[in-house]
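**Q** Starting off with a structure, shown below.
The values are calculated or read from the model by the stated rules, or taken from the named source; none is laboratory data. Nothing here was measured: the structure is a model prediction, and the numbers come from that model. Because the Cβ atoms are built from the backbone with ideal geometry, glycine has one as well, and the counts that use them run over all protein chains shown.
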């Protein structure tokens, strides 16, 4: 099951056969920025930047906008950035740029805003992910903030990303974060996108203890656009977009983020936008393009 969103004025597409065929159902045009799928695709949740949150329970044939709470519904649109769904489809968490981190424990029927341990509660959120059961959550902001919850979003703790000996804090314009099924492995990277306040990332930072300690296995200044983590946290993939005169690329680690290897990709695309992998780390899907400049790109699938 694959879900891919087009932008800046595209549809949300779903494939139930590994990318051989696709359907857009009754999805509406917009900037489809993020999606997630429950186990067996019983629930798909997709969000539009400057739009809304939509769900499908029939593998993308029909889509319904979530209107159950003003936290996730505004007729004028909301700047959703990222969404994550537990494997059983019960727990949903999403972040809104310069807005709330919102949570549902009943498949979107009711919603609550997360209560962070420090002010302000409104953040420049960029990305969120969860463990398989939705009990562990990690959220990252463009202002260099990282928060982790180990009780399904009831309480949160600020996390300091620090590497080296002695450990030195790293504060970057975080753009993407991903988590292993057990919630122990976290991968984190930054991106320029977002205006003058943005700067390229300097590494892919990885923790295998829910953010207590961190390592960086790459030391590469780049605009990191996508991350993927296998169920056990040992395989980590990343996409990089073009930055100045440096072409983007796809990177893969099979040692938990200690080292990364550039991948030889088909075609001539270099402006990579996002990546996902199967739980076992053997199947991949990656896309190219740039939504803010309306640069189109292709979708690639691969196995190993």
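**Q** Is the stretch 277-298 home to any residue that is more than 16 Å from residue 177 (Cα to Cα), at pLDDT below 95, surrounded by 16 or more Cβ atoms within 10 Å (Cβ to Cβ) and more than 18 Å from the chain's Cα centre (by Cα)?
**A** yes
Yes/no matrix, rows are residues, columns are (1) surrounded by fewer than 20 Cβ atoms within 10 Å (Cβ to Cβ); (2) touching a helix residue (DSSP H, G or I) at 6+ places or on another chain (Cβ under 6 Å):
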residue: 14; (1), (2): no, no
residue: 18; (1), (2): yes, no
residue: 22; (1), (2): yes, no
residue: 32; (1), (2): no, no
residue: 43; (1), (2): no, no
residue: 59; (1), (2): yes, yes
residue: 65; (1), (2): yes, no
residue: 72; (1), (2): no, no
residue: 85; (1), (2): no, no
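**Q** Pick out, from the stretch 162-263, the strands (runs of 3 or more DSSP E) lying fully within it that include 3 or more residues that are touching a helix residue (DSSP H, G or I) at 6+ places or on another chain (Cβ under 8 Å) and crowded, with 22+ Cβ neighbours inside 10 Å. Give the steps one after another, and end with the answer.
**A** Details: elements: 174-179, 186-190, 205-207, 223-229, 236-241, 250-253.
It comes to none.
**Q** Further question on the same structure: Looking only at the stretch 45-57, which residues are outside any strand (DSSP E or B) and surrounded by fewer than 19 Cβ atoms within 10 Å (Cβ to Cβ)?
**A** The first filter runs over the stretch 45-57 and keeps only residues outside any strand (DSSP E or B), leaving 52, 57.
Of everything in the stretch 45-57, just one residue is outside any strand (DSSP E or B) and surrounded by fewer than 19 Cβ atoms within 10 Å (Cβ to Cβ), namely 57.
**Q** Among the residues of the stretch 68-95, write down those that are outside any strand (DSSP E or B) and either over 23 Å from residue 124 (Cα atoms) or touching a residue at least 40 places away in the same chain (Cβ under 8 Å) (or both). Outline the logic, then answer.
**A** Taking the stretch 68-95 first, the residues outside any strand (DSSP E or B) are 68-77, 86-91.
68, 69, 71, 86, 87, 88, 89, 90, 91 - these are the residues of the stretch 68-95 that are outside any strand (DSSP E or B) and either over 23 Å from residue 124 (Cα atoms) or touching a residue at least 40 places away in the same chain (Cβ under 8 Å) (or both).
**Q** Let me ask something else. Keeping to the stretch 105-159, report how many residues are assigned to a loop (DSSP other than H, G, I, E, B), free of Cβ contacts under 8 Å to residues at least 60 places away in the same chain and more than 25 Å from residue 278 (Cβ to Cβ).
**A** Just the residues of the stretch 105-159 that are assigned to a loop (DSSP other than H, G, I, E, B), to begin with: 105-111, 114-122, 131-136, 142-145, 150-156, 159.
When the remaining residues are screened for being free of Cβ contacts under 8 Å to residues at least 60 places away in the same chain, the result is 105-106, 109-111, 114-122, 131, 133-135, 142-145, 151, 154-156, 159.
In the following step, the residues that additionally are more than 25 Å from residue 278 (Cβ to Cβ) were identified as 105-106, 109-111, 114-122, 142-145, 151, 154-156, 159.
Counting residues in the stretch 105-159 that are assigned to a loop (DSSP other than H, G, I, E, B), free of Cβ contacts under 8 Å to residues at least 60 places away in the same chain and more than 25 Å from residue 278 (Cβ to Cβ) gives 23.
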